1. Output the residues belonging to region 25-56 that are among the polar types (S, T, N, Q), assigned to a loop (DSSP other than H, G, I, E, B) and buried (at least 20 other Cβ atoms within 10 Å of the Cβ).
2. Is it true that some residue in region 7-14 is exposed (fewer than 13 other Cβ atoms within 10 Å of the Cβ), among the charged types (D, E, K, R) and either at pLDDT 85 or above or part of a loop (DSSP other than H, G, I, E, B) (or both)?
3. Cβ-Cβ distance below 9 Å, separation of 6 or more or different chains: which pairs start in region 14-39 with a residue that is closer than 15 Å to Thr64 by Cβ and end on one that is of a type in the set (Asp, Glu) and exposed (fewer than 15 other Cβ atoms within 10 Å of the Cβ)?
4. Being of a type in the set (Val, Ile, Thr) and closer than 22 Å to Thr62 by Cβ is the filter here; which residues of region 19-49 pass it?
5. Do we find that Thr22 is surrounded by fewer than 14 Cβ atoms within 10 Å (Cβ to Cβ), of a type in the set (Val, Ile, Thr) and not in a helix (DSSP H, G or I) in this structure?
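The values are calculated or read from the model by the stated rules, or taken from the named source; none is laboratory data. Computed from a prediction, not measured in an experiment: that's the story for all the values here. All Cβ positions, even for glycine, are placed from backbone atoms using ideal geometry, and neighbour counts span all protein chains on display.
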Amino acid sequence: MPTYIALCNFTEQGIRNVKDTTKRADAVREAAKKRGVDMTQIFWTMGNYDLVTIIEAPDDATATAFSLAVGAAGNIRTQTLRAYSKEEMNGILAKMG
């Protein structure tokens, strides 16, 4: 499956409505499982984003559905809509960190 980087800033939807912040990681994992996405890495508050996840998804639509589910509605960036090579992904993460 292609590798995607999902950049999210929480809206009132998605996991932001999980008030117990210790349970937000579980909510992200559940969203990935429901949408058939393999989440390989998760970063909280990285760069300008509340949540950065590295996911493997079968296609752009699935990657986008995951981003919407965790709370990126209205804030999906172009980056979430294309697959990255591992080298590209590592370069992006290095710039954000």
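1. Those that are among the polar types (S, T, N, Q), assigned to a loop (DSSP other than H, G, I, E, B) and buried (at least 20 other Cβ atoms within 10 Å of the Cβ): none in region 25-56.
2. If we filter region 7-14 for residues that are exposed (fewer than 13 other Cβ atoms within 10 Å of the Cβ), which is where we start, we get 12.
Now drop any that are not among the charged types (D, E, K, R), which leaves 12.
Still in the list and also either at pLDDT 85 or above or part of a loop (DSSP other than H, G, I, E, B) (or both): 12.
For region 7-14, residues exposed (fewer than 13 other Cβ atoms within 10 Å of the Cβ), among the charged types (D, E, K, R) and either at pLDDT 85 or above or part of a loop (DSSP other than H, G, I, E, B) (or both): present.
3. Ala32/Asp38
4. Pass one, region 19-49, residues of a type in the set (Val, Ile, Thr): 21-22, 28, 37, 40, 42, 45.
Within region 19-49, Val28, Val37, Thr40, Ile42 meet the criteria.
5. Values: surrounded by fewer than 14 Cβ atoms within 10 Å (Cβ to Cβ): yes; of a type in the set (Val, Ile, Thr): yes; not in a helix (DSSP H, G or I): no.
Answer is no for this residue.
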